[in-house]
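The values are calculated or read from the model by the stated rules, or taken from the named source; none is laboratory data. Computed from a predicted structure; not experimentally measured. With ideal geometry, Cβ positions are generated from the backbone for all residues, glycine too; neighbour counts draw on all protein chains shown. Ligands, DNA and RNA are excluded from the accessible area calculation, which covers all protein heavy atoms including side chains. Shrake-Rupley method; radii C 1.70, N 1.55, O 1.52, S 1.80 Å.
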Amino acid sequence: MQKLYCFSRKDFNTYMDMCGWDDNTLPNSAAVISICCTEPVIKNYHSEHYQGKHDIHRFSSRNNVLNLDFDDIDEEVRECSGGFIATNITKEQADRAVTFIEAHIDSDFFIHCNAGKSRSQAFVKYIKEQYPYIEWETNPKNPCLYPNVYVSNMLKRSAREIL
């Protein structure tokens, strides 16, 4: 049974620490999808609400790590109070994600976003629907109840074009 774990940023870091995984020890059998916010959201939102605990990628980009930066909104872009722009997953990012998932489909997946409740859950939903023949073990602490529909739909569109 393959793991398909969805985490908040905090729980992801705790789990990686528990496994003893860092840039040098992350096994090739693990595929990581790290989803962080865009710079404008980190600068204008996270600094206010998270007292400098920025949403950052734990691992460097490499063959089995996909680092993506997009915001948790339900549309392509949104102008926020304060005049900054939040952006959702782009077509190019969705294409990269679908290609990455396909290339690592035999791996255990560890996916996180800041809260673990929307963007990362969209990836779990997509993977489970795209690969229903694989028996997945999911994170019992984080059932996928509220996936971001925009992200999920972008992944499905990319899969139809790429696969």
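In the frame of its principal axes, the chain has Cα extents of 46, 37, 28 Å, reported largest first. For segment 49-155, the solvent-accessible area of protein heavy atoms averages 51 Å² per residue (probe radius 1.4 Å; ligands and nucleic acids excluded).
Report summary: the helix-based calculation at 222 nm, which adds -39500 (n - 2.57) for every DSSP H run with n ≥ 4 and divides by the residues of the chain, gives -9500 deg cm²/dmol.
Less than 5 angstrom separates the built amide H of Q2 from those of E135, E137, all sequence-distant by 5 or more or on a different chain.
The share of accessible area on segment 1-126 that comes from carbon and sulfur is 48 percent, using a 1.4 angstrom probe.
Computed over neighbours whose Cβ is under 13 Å from that of Y150, the net charge equals +1, Lys and Arg +1, Asp and Glu -1. Of all lysines in the structure, the ones whose alpha carbon falls short of 24 Å from that of K141, not counting any fewer than 8 places away in one chain, are K3, K10, K53, K117, K125, K128.
The local environment of P132, defined by Cβ-Cβ distances under 14 Å, has a net charge of +1 under the rule Lys, Arg +1 and Asp, Glu -1.
Ranking D17, D108 by solvent-accessible area of protein heavy atoms (1.4 Å probe, all protein chains present), from largest to smallest, gives D17, D108. Once the chymotrypsin sites (Phe, Trp or Tyr not before Pro) in DSSP loops with at most 13 neighbouring Cβ atoms within 10 Å are cut out of the chain, the longest remaining piece is 51-132.
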